[in-house]
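Readers should treat all values here as calculations from the given coordinates under stated rules, not as data from a laboratory. All figures in this text were calculated on a predicted structure; none of them were measured in a lab. All Cβ positions, even for glycine, are placed from backbone atoms using ideal geometry, and neighbour counts span all protein chains on display.
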Amino acid sequence: MTNYPTQVSIREVGPRDGLQNEAGWVPTGQKIALINALANTGLKRIEAVSFVHPKAIPQMRDAAEVIAGIERVPGVNYSAIVPNAAGARRAVAAAMDEVEIFLSASESHNRKNVRMSVAESLAAAQEIAQILGEAKMPFDAVISTAFGCPYEGDVPVERVMWVAEKLLELTPTPVRITLGDTTGMANPVLVDRITGEFQARFPGRTLSLHFHNTRGSGLANVLAGLQRGVTHYDSSLGGLGGCPYAPGATGNITTEDLVNMLHDMGISTGIDLEKLLECARLAQDYVGHELPGQVLKAGPRTRLAPF
Ligand code: ZN
C-alpha cells in the first residue's frame, strides 16, 4: 500500500502563470482583489506577479503597483518570478517573501523563451542568486520543459538532473527545485522516473512539481508525485491561463480540483475549498470567459441522501 504524504503545500500561481497567459488585460485593482481573496483561503504560498520587461509580458506591467496594493496577510508567502538581475532588483525593492528564478532544461526552449543559451542562463542565475542572497530573500529554482520540450520533444532525464545539479551549486542555494511541465507533456510514468531520480541524486533537497493540464494528465501526474512522497505542487485557480504554444489550450492544473482530490484522499492542505471556489468565480468574472476548473462546474463532492 502506498504511503501518501499527510500534508501538501500548494503554491497558487494563477495571478502570475495564469493571468500572463490570458489574452485580455486584467486591471490592477482586480489583480489586487484576487490576490487578497486568495490570501484568505488558507493558501500559504501565492506567486503573485512576475518582474519581467513590460514589452515581453504586457499583462504583468503593473507588477510593482499590484504588490504595493495588496494587503499582506501574515504567514502568507508572496512570491514573484524574475528572469534576470533587473527583475531580481525589482523583487527586492517590492520586498517579496520569495522569488522564483527559471530556465529551461532544453536549449531551444530556453533560447526562444529568454533568448539565452542554458549556459548563459546559469551564469545569469548566479548573478540573481547573489542579489537575492544580499537581500536575504529565499528563492526557488524552476526548471521549465523538464518533462518534454515543444521544440525538441523528449528531454533526457540526465539533462534535467544536470541542470538541477548546476542550480543546486548556486550560492546561496535555492530553497527548492521545481520541475515544470511547461507545455503539458508529462505522464505519470515519466513523473515517477524523474522524481525518483531527483530524490536518489539529491536526498534532502525539497522538490516541487509544476504541471499544466494541457492534455488532461495533470492530476494523474500529481498522483505519481504523491506516490513518490512529493509534498509541493503549483496550481492555478479555475485552471486559469493557457499555453503560449497552443492557442485555446488549458493552463495550469486547477487549484480547486487539486484541493478537492487531496482532501478526499485524506491529505490536508490547510485550504478552505468553498473560499477557494469563490476566488475561482471571481477570476472567471475578471477574465470574462468560462474557466476549465471542474469542481468549479460540478461543485465539491457531496453525499447524496440514501434512497
Ligand atoms: Zn507554468
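Worth pointing out:
- Calculated FRET efficiency for the pair Ala298/Ala135, C-beta based, R₀ 51 Å, to 0.05: 0.70
- Cα-centre dipole for the chain with unit charges at Cβ (Lys and Arg positive, Asp and Glu negative), debye to 20: 60 debye
- Spatially proximal aspartates and glutamates relative to Lys275 (Cα-Cα < 12 Å; intrachain offsets below 8 disregarded): Glu256
- Those aspartates and glutamates that a straight Cα-Cα span of less than 18 Å connects to Lys166, excepting residues fewer than 8 apart in one chain: Glu100, Glu107, Glu120, Glu127, Asp140, Glu158, Glu197
- Counting DSSP beta bridges with both ends in the chain, the antiparallel % (nearest 5): 5 percent
- P(r) of the chain over all Cα-Cα pairs, binned every 20 Å from zero, in whole percent: 36, 60, 4, 0
- Cut-off 13 Å (backbone N to label point 7 Å along Cα→Cβ of Arg89), residues of segment 130-171: 131-132
- Taking GluC sites (Glu not before Pro) in DSSP loop states with no more than 16 other Cβ atoms inside 10 Å as exposed sites, the chain has its longest site-free stretch at 170-289.
- Treating r as the C-beta distance of Asp97 and Leu168 and R0 as 25 Å, the FRET efficiency rounds to 0.70.
- Structure remark: mean-square fluctuation, Gaussian network model of the chain, C-alpha springs under 10 Å; the largest value among Gly242, Gly87, Gly133 belongs to Gly133.
- In terms of distances greater than 24 angstrom between alpha carbons, the cross-link table entries Lys44/Lys136; Lys112/Lys297; Lys31/Lys136; Lys55/Lys297 yield Lys112/Lys297; Lys31/Lys136; Lys55/Lys297.
- Projected label points at His263 and Ser117, each 7 Å from Cα along the beta carbon direction, are separated by 5.0 nanometres.
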